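The values are calculated or read from the model by the stated rules, or taken from the named source; none is laboratory data. In this text, all values refer to a predicted model and were calculated from it rather than measured experimentally. Reconstructed Cβ throughout: ideal geometry from the backbone, glycine too, with neighbour counts over all protein chains shown. Areas reflect the complete protein model, heavy atoms only, side chains present, ligands, DNA and RNA absent. Shrake-Rupley method; radii C 1.70, N 1.55, O 1.52, S 1.80 Å.
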Amino acid sequence: MIAICMRYKDKSTFQDKFKNKLVDWGLHFYPKIVKEKNIIGYHAPILNLGKKDSVFILKNIIQSVEGCDYLTVHLHNGKDRTVNRDDLIENLSIVNDFADKKGIKLCIENLRKGFSSNPDNLIDIADEVGCYITYDVGHIPYNKRLEFLEICSDRIYNAHIYEIEINGKHLPPKDLKNLRPILDELLNIKCKLFLIELMEIESILKTEKMLIDYFKNFNDHNFSNKDYKI
């Protein structure tokens with residue numbers, strides 16, 4: 001499935017432009033929890049799961065969004081250079097167990113820098129805790145993307161799709177040349193959700209069209225049982 005990542009501080013943009021599309025709601029941009037039928041999952045505020053107060057915050061969010069499909073979290077806030085693995089495992093396990101009881105899949109996202117930019121760290125944590133992974137393609141250098149994907153493939157549930165992040169800005173793809181190998185592999189491992197994480201409406205809709213066309217072509221050549229909903 002293809003969804004739009006709601007990354008606006010004004011929720012009217014979502015209501016006006018994306019009310020008929022599947023949406024991943026970004027609480028790190030618009031912190032108010034909005035529950036609509038087409039919101040399939042949420043991106044948590046930027047927290048450091050090495051700290052105990054993050055457990056309380058995330059459990060409250062999970063309680064509030066019960067009925068959604070997943071919640072994506074960061075293991076750290078991107079600023080802290082060190083991560084205490086034992087604290088991280090303990091806190092994430094508590095959150096994951098609570099999410100599981102609520103029927104919500106907890107996904108940890110790879111970041112550009114720090115502990116969770118290393119795929120070995122990410123899969124190690126996900127395997128030990130039993131949670132899923134949100135694969136953010138734009139957080140990974142071009143020449144490392146397939147290797148990262150291969151290492152984490154058993155745990156990937158959804159993917160953030162755009163060209164690349166530079167200086168904190170997500171750039172849209174002009175075409176799918178650089179993304180094609182990644183999209184193919186994500187489809188091969190049965191990634192469930194492809195989330196367009198861009199800011200400009202025109203770029204979102206253009207990228208959505210490219211993905212729809214590409215996936216239809218992929219399905220025509222590889223699947224007779226329509227494994228994916230467009």
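Return yes or no: is residue 101 free of Cβ contacts under 8 Å to residues at least 40 places away in the same chain, basic (Lys, Arg), closer than 28 Å to residue 8 by Cα and open to solvent by 20 Å² or more (accessible area, probe 1.4 Å)?
no
Just one of (1) within 25 Å of residue 32 (Cβ to Cβ); (2) touching a helix residue (DSSP H, G or I) at 6+ places or on another chain (Cβ under 8 Å); (3) open to solvent by 10 Å² or more (accessible area, probe 1.4 Å); (4) assigned to a loop (DSSP other than H, G, I, E, B) fails for residue 83. It is (1). Check segment 27-45 and report whether any residue there is touching a helix residue (DSSP H, G or I) at 6+ places or on another chain (Cβ under 8 Å), under 24 Å from residue 82 (Cα atoms) and surrounded by fewer than 16 Cβ atoms within 10 Å (Cβ to Cβ). Checking segment 27-45: not a single residue is touching a helix residue (DSSP H, G or I) at 6+ places or on another chain (Cβ under 8 Å), under 24 Å from residue 82 (Cα atoms) and surrounded by fewer than 16 Cβ atoms within 10 Å (Cβ to Cβ).
Condition first: of a type in the set (Lys, Arg) and either under 18 Å from the mean Cα position of the chain (by Cα) or under 17 Å from residue 70 (Cβ atoms) (or both). Now tell me which residues in segment 1-39 satisfy that. Correct list: 7, 21, 35, 37.
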